[in-house]
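Peer 1: One structure, pasted below without further comment.
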């Protein structure tokens, strides 16, 4: 006699259908927590680094506004930030619709929706990278006046613009019709998008290397101690972190292209894509933020005294008397720098490496004017109604 406690076939079927339905419905809301740890990691990473980029760019712009000199390179970093923030939205929507899950676990509707957001993310990535690189180059043009250097920098900007337009165009028209990029069931044809990705990565690395190498010769010309030159080179070499992200992203692109489980592997590649964009934005903002960083983190300063190329020491003791400096003979010396335009400036502690380099590279002929003020102690004596002044 068969046991009576076994569930009926209809009960088993309903239970199976209910499980599938619950899984599908859970995918519609990332905050409900569907079983997609890779997708959650992508979404959380996007939110975290978007906030970091927003903080650093806001601090940069706030510093510029406080210094009352918002420059063109600051304006170009703004659209880069906006593209990065939009990328954070697209990556969250990708994860919401199944990126990070195995392709077989994602319904056709969710897959199409996820690939739409992925298509948008590719365009945003290329535009954000373009604006960030141009912003860095424009920053170079402001602080390095050398003619040959400026020509090389303008050529670099041209290369970045041309390859970015080509990459965006290749992404948009990678399929005919365009809709086939996210709906593979449509009739039509597509190019090997993997070739576009690899080409874009190679050009990103090449232009990053050019941007890193460009200022090194200019820094060598500065009359600075070796330690300060090394610090400036290190500052401009932050782009190596961006290159590292690009290299890792290229390594993760392979499985995303060749494997049939694209939705699963692409989540990892997208994480490195987002890191690349946001790290570049942060690195582009750091040189402008030296003053506030030192203000809130004074332990970052190795020495309390900084020596300029003009041989003037600035320490905490004489910071408030920067215009009146003692001379070798005991008199008071006012050390100022006067340009050919007649504008007089004073040797003061540099608030940023940008101001420091500008002062060292100087776009005009400058001369140092010294004012020596001698004094003698005197006393006044009154004898019989007559006043006399005695020198002591």
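Peer 1: Given the criteria assigned to a helix (DSSP H, G or I), without any contact (Cβ under 8 Å) to a residue 60 or more places away in the chain and surrounded by fewer than 18 Cβ atoms within 10 Å (Cβ to Cβ), does residue 212 qualify?
Peer 2: It is false that residue 212 is assigned to a helix (DSSP H, G or I), without any contact (Cβ under 8 Å) to a residue 60 or more places away in the chain and surrounded by fewer than 18 Cβ atoms within 10 Å (Cβ to Cβ).
Quick grid of which residues meet (1) more than 18 Å from the chain's Cα centre (by Cα); (2) surrounded by fewer than 18 Cβ atoms within 10 Å (Cβ to Cβ):
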residue: 55; (1), (2): no, yes
residue: 63; (1), (2): no, no
residue: 84; (1), (2): no, no
residue: 118; (1), (2): yes, no
residue: 122; (1), (2): yes, no
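Peer 1: Just a yes or no: is a residue in segment 149-172 part of a helix (DSSP H, G or I), assigned by TED's automatic domain parsing to the domain that holds residue 69 and farther than 30 Å from residue 74 by Cα?
Peer 2: Checking segment 149-172: not a single residue is part of a helix (DSSP H, G or I), assigned by TED's automatic domain parsing to the domain that holds residue 69 and farther than 30 Å from residue 74 by Cα.
Peer 1: Looking at the structure I just gave you, is residue 224 under 30 Å from residue 290 (Cα atoms) and within 22 Å of the chain's Cα centre (by Cα)?
Peer 2: Spelling it out, it is not the case that residue 224 is under 30 Å from residue 290 (Cα atoms) and within 22 Å of the chain's Cα centre (by Cα).
Peer 1: Right, next: Specify which of the listed residues (243, 211) is modelled with pLDDT of 85 or more and farther than 26 Å from residue 147 by Cβ.
Peer 2: Exactly one of 243, 211 is modelled with pLDDT of 85 or more and farther than 26 Å from residue 147 by Cβ, namely 243.
The values are calculated or read from the model by the stated rules, or taken from the named source; none is laboratory data. Only a predicted model underlies this, so the values are computations on that prediction, with no experimental measurement involved. Cβ: placed from backbone, ideal geometry, glycine included. Neighbour counts: every protein chain shown.
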